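A short write-up of the structure that comes next.
Please treat every number below as a calculation from the coordinates, not as lab data. Fair warning: this is a prediction, and the values are worked out from it, not measured in the lab. Using ideal geometry, Cβ is built from the backbone for each residue, glycine included, and neighbour counts are taken over all protein chains shown.
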Amino acid sequence: MALTYSKTIPEGAPAPDFSLPGVDGKTYSLASFNDQKALVVMFMCNHCPYVIAVQDRINALAREFAPRGVALVGINPNDSVRYPDDSFEAMKKRAAEEGFAFPYLRDETQEVARAYDAVCTPDPYVFENVGGKFLLRYHGRIDDSWKDESAVKHRELAEALEKILAGQKIEAQTHPSMGCSIKWKA
């Protein structure tokens with residue numbers, strides 16, 4: 001497991017579209033979230049210790065902001081041949097065990113992860129819905145203590161969502177997300 005930091009992409013970049021199967025049997029695309037004020041696209045997986053450490057926080061964020069018009073979607077792009085813990089069946093099991101309050105999607109071809117320039121798990125992208133277009137407003141870490149939730153002082157992802165919902169510009173310095181590298185297919 002190699003520690004990797006997310007890349008910086010320009011604020012205002014449009015969200016690449018996708019069409020991916022969810023563990024709930026539905027297929028999701030950007031259009032699935034057109035009625036939302038914001039969308040969090042979270043690249044994640046089952047086996048990464050960084051994701052495991054924050055998966056309860058990811059789920060809590062989804063529950064906290066859903067009533068306010070924010071959707072969160074988890075996307076697993078990892079090579080499931082070399083990493084069977086990230087297979088679609090294992091994803092279904094994890095989502096059920098953890099009671100994920102968000103769609104958990106499989107990016108089998110890894111095309112979506114490449115389109116987003118995702119490099120690690122977790123790797124969250126926050127998009128604001130501006131007239132039907134999802135524009136990037138935040139790409140960075142979830143909070144300032146991935147390892148120990150009780151040590152969290154700044155919930156950067158939640159703070160970014162609050163700013164979007166209040167119609168304010170996100171001025172804070174963005175710290176890159178860190179986690180395991182995406183397991184690309186050979």
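In terms of overall dimensions, the C-alpha atoms belonging to the chain reach 43, 36, 30 Å along their principal axes, ordered largest to smallest. Taking only alpha carbon atoms, the range 28-135 gives an Rg to Rh ratio of 0.95, where Rh is the Kirkwood radius.
Identify which of Asp148, Asp85, Asp123 has the largest mean-square fluctuation in a Gaussian network model of the chain, with springs joining Cα atoms closer than 10 Å. Judging by the Gaussian network model, the answer is Asp148. Pairs with C-alpha atoms separated by more than 32 Å, drawn from the list Lys147/Lys183; Lys153/Lys185; Lys92/Lys133; Lys147/Lys169; Lys26/Lys133; Lys26/Lys153, are Lys153/Lys185; Lys26/Lys153. Roughly speaking, what is the centre-to-centre gap between the range 27-69 and the range 97-131 when only Cα atoms are used, to the nearest Å? Cα centroid of the range 27-69 versus Cα centroid of the range 97-131: 8 Å apart.
Peptides 40-46, 139-145 ranked from most to least packed, by the mean per-residue count of other Cβ atoms within 10 Å: 40-46, 139-145.
Considering only Lys153, Lys163, Lys37, the mean-square fluctuation computed in a Gaussian network model of the chain, springs between alpha carbons under 10 angstrom, is largest for Lys153.
Expressed to the nearest 5 percent, the antiparallel share of DSSP beta bridges inside the chain is 70 percent. Put in order of Cβ neighbour count within 10 Å, fewest first, the listed residues Ile9, Ile75 become Ile9, Ile75.
The charge dipole of the chain, taken about the Cα centre with unit charges on the Cβ atoms of Lys, Arg (+1) and Asp, Glu (-1), comes to about 140 debye, rounded to the nearest 20. With both residues required to sit in the range 1-102, DSSP beta bridges show an antiparallel share near 35%. Taking the three principal axes of the alpha carbon atoms in the range 57-117, the coordinate ranges are 37, 28, 14 Å, sorted in descending order.
For the range 92-186, the fraction of alpha-carbon pairs lying more than 20 Å apart is 50 percent, rounded to a whole number.
Kirkwood radius for the range 6-46, taken over all pairs of different Cα atoms as the inverse mean of 1/r, rounds to 12.3 Å. Both the radius of gyration and Dmax for the range 131-186 are 14.0, 44 Å, in that order, over alpha-carbon atoms. Annotation for the range 1-90: GluC sites (Glu not before Pro) lying in DSSP loop with at most 16 further Cβ atoms inside 10 Å of their Cβ are Glu11.
By the Cβ distance rule (another cysteine Cβ under 4.7 Å), the unpaired cysteines of the chain are Cys45, Cys120.
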